[in-house]
Amino acid sequence: MNAYPYRKLLAAAAAMAALAIQGTLLAQVQVIAVPEPYTDTGIPFAPAHAAAVATPSAPNAWGGPRTGGEPTLSDRVADYKIKATLDPVKHTVDGQQQLTWRNRSAHPVRTVYLHLYLNAFEHGGTTFFTEHRAMGGRGVFSTDPKDGDWGHIELRSVLQNGAKVDQSFVHPDDGPANDRTVVRFDLPQPVAPGATTTLDIDFHSQLPRLLARSGYFGSFHLVAQWFPKIGVLELPGERGAVKERWNVHEYHAESEFYADFGSYDVKLTVPKGYTVGATGELQGAPVEKDGMLTHHYVQGDVHDFAWTADKRYAAPLTGSWTGAGSPPVSIKVLYAPEFAASAAPSLKAAQDALSYYSKTLGPYPYRTLTVVLPPHNAGAASGMEYPTFYTADSYTKVEPDTADAFELDLVNIHEFGHGYFYGILASNEFEEPMLDEGLNEYWNMRMARERGQKFHPAPWWLRALGVSPGFDGFHYELGGAVRENPADPAGQNAYARLQGIGPVYNRGAILFHDLEAQLGKQATEQAFKEYYKRWRFRHPSTADLREALAESSGQRALVERVFAQQVYRTGKVDDRVQEFASTEVLPQPGSTIVKGKRVMLTQEQVDEQIEATREKWEKAHPHAGPGTGPFPFRTEVVLRRRGEAVPQTLLVRFADGSTISVKWDPQNGERWQRYTWDKPVQAVSAELDPERTHLLDTNKLDDSRTLKADKSAARRWTFDLAALAQAMLTLIATI
């Protein structure tokens, strides 16, 4: 999904946060049982507001782990054969679909449910638009469609073995009564356990003027979520289900999708002169008839199919990629002529992403990848993922070390990465968006970090003056991470979030950055490889991720603690160095015992003794540095906690270059801690989290204190600003 409208709004805040950076266990989680709404067929719907699953899936869930020895990559459930014709003037698609569905359950199924996603755009009263207005219109578009710009899908005929199938619209999430994004089919013939049935469906899709993830602008068409798509019948032991249930949510404004794996055999007929790109492999040359070309695509072991057609596309830019364990991959970049500058960087980003994801997660199993760069005014189509097919951003000029170059590269990597988390792992994006958007964003920033890639937010006029600071990708995420007052757990679903979908990306990336910093890079990467190996083609849950990380890393307590604090619930992280002092321990006036006799020392006598001791010591140590002397120093540090308990490291530096490091990880809810040391040398600084493990901390500036004020940063910025002002005045004078 396109996170980049959110990112662009947050870029300035992220840059400022980056500047600032640079200068309870699982048992504690309260799980509330949510009743599953029953259908009148006896099989319930998944709960309307289902979110992160806490119970691991059964070992045999989704047919059990895929070993590579099976005849197909996935345990295919739904197979689609579609013949579709595009009318690029009316922006319609007429389709004939054969849907073959397998009943995986142990009981006969008499009713099935399908998504009709395009009906989200048929009027302003749908679940999608009702939620969009309630959110204040934020997202990739700001207003409802105008007259004539709406979209919909009509079912013109539905047959099972020649018999008519009765239809009715249902509302699994209790959405508006006139929402028609989920349809019920009552089958003339029940589907026996383990058996299949085929539905013959004729449909007519009216594409909307481009809004979100699908539609047209001029001759450009992104045809996505365009056909009737069956919901998922989950079985006991799968994603927390305790009984059979239909997972078939309405189309929400900030949710995406979830579907069974299967095969797609799709023939697309478009006018001659239109270039087509689609999910899967093209089967031979297009066939021409009556001025139309039919393009035939086939792809197995995916759970969706999308395509594009435009008569303005330039000649495709093509490339290839090979990697260990993967088949050779043919890459095609489709782009409008005005965005030719973005084509080659997009191809390179796709190749680099193939290499990185294959190396750090597991082999890419498909033979094709199609990249689409939408034309001018079609930005609502950018940044969207489908199996073997994604759309990216488009720029007329791509200069190195600019915000545009970073975002073009990153959106390509991000949308490709969905091919793993949304595509191959196939998590439920309605209920557990963190498993896709959050993990993918995190993996993107890991890739950027390993490439040494920086975000350069400076506008052109600052770059012209030689000012172009670069920021680490994870620091770039801080602007949208909602560190101060997070309201939504990372594991919350996509459509019931007070602070919207944005923090799923930003806070999710930072959350897993911090977990990796505690587990270690090697342990983290090995754990994610295990997660991919176990759950590819199987629809894992949050609990399945948790278990893979805990078991593979060998650090269960740490993993469960992080998930309990930040995934199943949420809270800010806010630790600080509250007090820091390092003072000499000097003799004090009063009475004392000397050689068995009580002796009284006045303040004057003590001062004379101190002075004499200093003079003697200084003569003996003529080259002694600051922070040393004849008397010991007592160093005290007070730590204060105002958020969630996280394991911390305190590093105290001393004037002679020595250090003391202590771990602070109270288990009984302590909110503060005092540390005291007596040493012959004075401390100069105290710093929490010296390795920058906890980027979720609300304010890294209060993590450290120095004994003496350090004005170097202020002086540096003063000089930089003065130089910038002088340069600007010089520039103005030359105009």
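Brief remarks on what is shown
- Whole-angstrom gap from region 445-469 to region 385-415, using each part's C-alpha centre: 15 Å
- Peptides 60-67, 215-222 ranked from most to least packed give 215-222, 60-67, packing being the mean of other C-beta atoms within 10 angstrom over each peptide's residues.
- Shape of region 545-645, Cα gyration tensor, a/c cut at 1.5: prolate
- Taking the Cα centre of region 283-400 as origin and assigning +1 to Lys and Arg Cβ atoms and -1 to Asp and Glu Cβ atoms, the resulting dipole is close to 220 debye.
- Order by protection proxy (mean Cβ within 10 Å, highest first), peptides 310-316, 599-605: 310-316, 599-605
- Just so you know, the averaged projected area of the alpha carbon convex hull for region 435-481 sits at 3.8 nm².
- For residue 151, nonlocal amide neighbours, meaning residues 5 or more places apart or on other chains whose placed amide H falls under 5 Å from its own, are 121, 122.
- Global form of region 596-679, assessed from the alpha-carbon gyration tensor, a/c cut-off 1.5: oblate
- Mean accessible surface per residue for the chain, computed with a 1.4 Å probe while every protein chain stays in place, in Å²: 41 Å²
- Helix-derived mean residue ellipticity, 222 nm - over the chain, DSSP H n ≥ 4, -39500 (n - 2.57), to 500: -8000 deg cm²/dmol
- FRET efficiency, 1/(1 + (r/R0)^6) with R0 51 Å, evaluated for residue 662 and residue 320 via beta carbons: 0.40
- Given the alternatives (i) 3, 13, 22, 23, 16, 9, 6, 4, 3, 1, 1, 0; (ii) 3, 13, 22, 25, 20, 11, 5, 2, 0, 0; (iii) 3, 12, 21, 26, 23, 12, 3, 0, P(r) over Cα pairs in 10 Å bins from 0, in percent as computed for this entry is given by (i).
- Residue 397-residue 135 FRET efficiency (beta carbon distance; Förster radius 35 Å; 0.05 resolution): 0.60
- Pairwise label distance in nanometres, residue 533 with residue 521, each label 7 Å out on the Cα-Cβ vector: 2.1 nm
- Equivalent ellipsoid of region 120-208: semi-axes from √(5λ) of the C-alpha gyration tensor, largest first, are 32, 15, 10 Å.
- Only the Cβ atoms of Lys and Arg (+1) and of Asp and Glu (-1) were treated as charged; on that basis the dipole of the chain about its Cα centre amounts to roughly 1120 debye.
- Projecting the Cα atoms of 219, 120, 685 onto the charge dipole of the chain (Cβ charges, centred on the Cα centre) puts 685 farthest toward the positive pole.
- Ranked by the mean number of other Cβ atoms within 10 Å of their residues, highest first, the peptides 260-266, 288-294 fall in the order 260-266, 288-294.
- Reported to the nearest whole Å, the Cα centre-to-centre distance from region 280-358 to region 50-119 is 23.
- Between the beta carbons of residue 584 and residue 92, assuming R0 = 60 Å, the FRET efficiency works out to 0.10 to the nearest 0.05.
- Contour minus Cα-Cα distance for residue 631 and residue 169 (0.36 nm per residue): 157.9 nm
- Subtracting the Cα-Cα distance of residue 460 and residue 288 from 0.36 nm times their residue separation leaves 57.1 nm of extension gain.
- Label-to-label distance, residue 146 versus residue 600, with points set 7 angstrom from Cα along the beta-carbon direction: 9.8 nm.
- For region 265-331: rounded, prolate or oblate by the Cα gyration tensor [a/c cutoff 1.5]: prolate
- Taking the charge dipole of the chain about its Cα centre, with +1 at Lys and Arg Cβ atoms and -1 at Asp and Glu Cβ atoms, the residue from 333, 632, 675 reaching farthest to the positive side is 632.
- The rule of thumb for compact globular proteins, 2.2 N^0.38 Å, goes into the C-alpha radius of gyration of region 410-545 1.12 times.
- Residue-span extension gain [residue 70 to residue 498] - 0.36 nm each, minus C-alpha spacing: 149.7 nm
- Each Lys and Arg Cβ is given +1 and each Asp and Glu Cβ -1; about its Cα centre, region 138-293 then shows a dipole of about 240 debye.
- With the alpha-carbon atoms of region 526-576 aligned to their principal axes, the span from lowest to highest coordinate is 42, 21, 14 Å, starting with the largest.
The values are calculated or read from the model by the stated rules, or taken from the named source; none is laboratory data. Everything quoted here is computed from the prediction, not taken from an experiment. As a convention, Cβ positions derive from the backbone with ideal geometry for all residues, glycine included, and neighbour counts pool all protein chains shown. Surface accessibility is based on the protein's heavy atoms, side chains included, excluding ligands, DNA and RNA. Shrake-Rupley method; radii C 1.70, N 1.55, O 1.52, S 1.80 Å.
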